[in-house]
1. For residues that are exposed (fewer than 14 other Cβ atoms within 10 Å of the Cβ) and more than 14 Å from residue 59 (Cβ to Cβ), scanning just the stretch 5-16, find the one that is modelled with the highest pLDDT.
2. Grab the helices (runs of 4 or more DSSP H) fully contained in the stretch 17-84, keeping just those with 3 or more residues being at pLDDT 70 or above.
3. Taking only pairs six or more apart or across chains, which ones have beta-carbon atoms under 6 Å, a first residue in the stretch 32-45 that is within 16 Å of residue 19 (Cα to Cα), and a second residue that is part of a helix (DSSP H, G or I)?
């Protein structure tokens with residue numbers, strides 16, 4: 001894990017802390033299943049807000065919203081996603 005990610009993960013991150021996309025992906029998905037590129041795709045789909053400052057992309061970790069979204073999207077055995 002990169003040093004700046006380790007430093008951020010030490011409890012300094014609040015719901016309004018701007019994070020570079022690679023740091024946000026590493027903190028929100030510690031198993032490595034999401035990358036900065038994946039977060040950009042989510043932003044293009046309108047599911048994530050990204051702020052661009054001096055050519056760098058930042059986002060926040062809205063803990064309650066992310067957890068609520070994860071709890072409402074399920075995949076049933078047929079492979080079809082169920083939202084609700």
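The values are calculated or read from the model by the stated rules, or taken from the named source; none is laboratory data. From a predicted model like this one, the values you see are computed outputs, not experimental measurements. Backbone-built Cβ (ideal geometry, glycine too); neighbour counts: all protein chains shown.
1. In the first step, residues of the stretch 5-16 are kept if they are exposed (fewer than 14 other Cβ atoms within 10 Å of the Cβ); the result is 6-7, 10-12, 14-16.
Now restrict to residues that are more than 14 Å from residue 59 (Cβ to Cβ): 6-7, 10-12.
On the way: 6: 51, 7: 53, 10: 47, 11: 67, 12: 78.
Selected residue: 12.
2. Values: elements: 21-28, 36-44, 63-72.
Result: 21-28, 36-44.
3. Short answer, once both residue conditions are applied: 34/25; 35/25; 36/21; 36/22; 36/25; 39/21; 39/25.
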